[in-house]
Amino acid sequence: MWMNSARAAADSPLAYGDRVIALDIRQLQSFLVVAEELNITRASARLHLTQQTLSAQIQQLERAIGVTLLVRTSRGVLLTPAGVELERGGRELVADAGELAERVRATESGRLGRLRVACCPYATALFATEVADAMEAAVPGLEVELVTVHTPPQERALLLSGECDAAFMWTPLGDPVLHHAAIRTDHRAVALSPKHALAQQDSVTLTDLAAEPVIRPDIFLSEENLCHWIADPRPDGSPALRGPAVTALEDALLMVARGKGVWLAPEPLSRWIPLTSVVWRPVTDAPPSELAVVWTDTAPHALIARMIAEVRLITGYTRPAATAA
């Protein structure tokens, strides 16, 4: 998430005794990706470089510092002790360079710290106000602008056009253009007609819903995104029964109220969407949804990183040990 923002600071001379090292930030960025992947092939794919170019960058970095940073093995690469030390300190150096570049660009353009965040009214608007207040308190001079839209595709459009710097969206996104970092885990709920037999239960399972067609609002970014929302496949491997497709969330609720199907959604939506015509019940065995901060390569990465940290403090979110941000 720091790659492009740090490119403005391409070379950083470091004093080492009587010797000055011209440390290329881009080479350091490449090394850090290799250190994460421990595999040149995967790292070169992430960086959109050829393996030969990436290997050359690492070799140039090793020559600049005067140490061996990694060794090749039959399964990839391993970091040397020097490589481990560079990984520890390198991330902070790249982040600092990225933050400096963002401040310089903000000063030149006259926007001394502005962050535009897209959010959906029902899903995250009230939560977003708390985040905006926390960010403005944490970063003196920062102005956070909240932009409300109604669907994830509209959020994506604002991100790609540069009209917004970040958005709150539930994963999985299934869109390689978008970067994300999870900041909250939400349980799942189902909207039912008040006349539905399951409406009399305190909670339901996906087995209870096996024969129920799932209404599909036209809000999904990808097939992967859709499959998560409708819990397809089900725990026994069977496909979810796909119900009618509708153009808006309000239409989905009307279909549910008329008994044309059910609608699965993250639990927070059950609190903000009016309950006059449907009832909500928790789905005890549906995979949870993760709310994430989402951004693109052109976002102000230093501010995005700070926002992720601030939001996780608000939500108490802790990343699972085996998962990356």
Please list, short to long, the whole-number percent of alpha-carbon pairs of the chain in consecutive 10 angstrom bins beginning at zero. 5, 22, 26, 22, 15, 7, 2, 0, 0
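Please give the net charge around Leu173, taking every other residue with its beta carbon less than 13 angstrom from that of Leu173, where Lys and Arg add +1 and Asp and Glu add -1. Don't skip to the answer; put the middle values down first.
Numbers: positive: Arg156; negative: Glu155, Asp175, Glu223, Glu224, Glu290.
Combined, the nearby Lys, Arg, Asp and Glu give -4.
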Taking 7 Å along the Cα-to-C-beta vector as the label spot, tell me the Ala199-Ser161 distance in nanometres, rounded to one decimal. 3.9 nm
For the chain, what proportion of DSSP beta bridges, expressed in % and rounded to the nearest 5, is antiparallel? 70 percent
Mean projection area, nm², convex hull over Cα of the range 59-103: 3.9 nm²
Evaluate the Debye formula for the range 169-318 with equal point scatterers sitting on the alpha carbons, no solvent, and hand back log10 of I(q)/I(0) at q = 0.14, 0.19 Å⁻¹, in q order, two decimals. -0.71, -1.15
Strictly greater than 20 Å: what percent of every Cα pair in the range 30-178 meets that? 64 percent
Mind giving me the FRET efficiency for Val67 and Thr185? R0 is 41 Å, r the Cβ-Cβ distance, nearest 0.05 is fine. 0.50
Cα gyration tensor category, rounded, prolate or oblate, for the range 199-260 with a/c compared to 1.5: oblate
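Read the figures in this text as sums done on the coordinates, not as results from a lab. Since the model is a prediction, treat every value here as computed from it, not as a measurement. With ideal geometry, Cβ positions are generated from the backbone for all residues, glycine too; neighbour counts draw on all protein chains shown.
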